[in-house]
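The values are calculated or read from the model by the stated rules, or taken from the named source; none is laboratory data. These figures come from a predicted structure and were not determined experimentally. So basically every Cβ, Gly included, is an ideal-geometry build from the backbone, and we count neighbours across all protein chains shown. With ligands, DNA and RNA removed, areas are computed over all heavy atoms of the protein, side chains included. Shrake-Rupley method; radii C 1.70, N 1.55, O 1.52, S 1.80 Å.
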Amino acid sequence: MTPPVRLIEESQTLGPRTQALLARGVREIELVATAPHARRTGIGSALLHTAQSLAAEEGVQIMCAKAAARDFPVLRWWRHRGYTLARPGQNVRLHLQQAITCNDGHNGYRLAVRPLTGTVTEDRLLHVRWTG
């Protein structure tokens with residue numbers, strides 16, 4: 001679980017205040033994996049739950065992850081754990097203390113997002129609002 005490095009780098013034009021908001025308020029999960037013999041036992045869900053709890057204790061507002069756009073079992077796994085999946089290439093607006101727009105990088109992945117407290121709404125954009 002790390003700050004969203006690519007998003008922070010892409011936000012240079014928005015200034016250091018915005019970059020600091022992202023570094024403080026958003027965590028990206030790089031990978032959740034279990035050994036084949038341990039799958040479907042709840043270990044992956046327990047790892048994710050622990051990561052979310054630790055992030056919430058640190059004041060993180062929004063969790064995100066990327067999954068291959070056609071890896072339907074993994075996409076379903078994220079959705080069943082409360083993450084909203086953006087369509088491939090769909091822009092996501094993160095509402096921290098200001099709105100910041102990001103996407104999956106247009107590289108065959110989909111962005112999965114979840115506010116630790118808050119809501120997700122969708123029109124053309126996916127909006128993630130944190131309420132703390």
For the chain, the dipole about the Cα centre with charges only on Cβ (Lys and Arg +1, Asp and Glu -1), to the nearest 20 debye, works out at 380 debye
Of the accessible area of the chain, computed with a 1.4 Å probe and all protein chains kept, carbon and sulfur make up a percent value of 53 percent
Net charge (Lys, Arg +1; Asp, Glu -1) of residues whose beta-carbon lies under 11 Å from that of residue 122, residue 122 excluded, is +2
For the chain, percent of DSSP beta bridges that are antiparallel (nearest 5) comes out at 70 percent
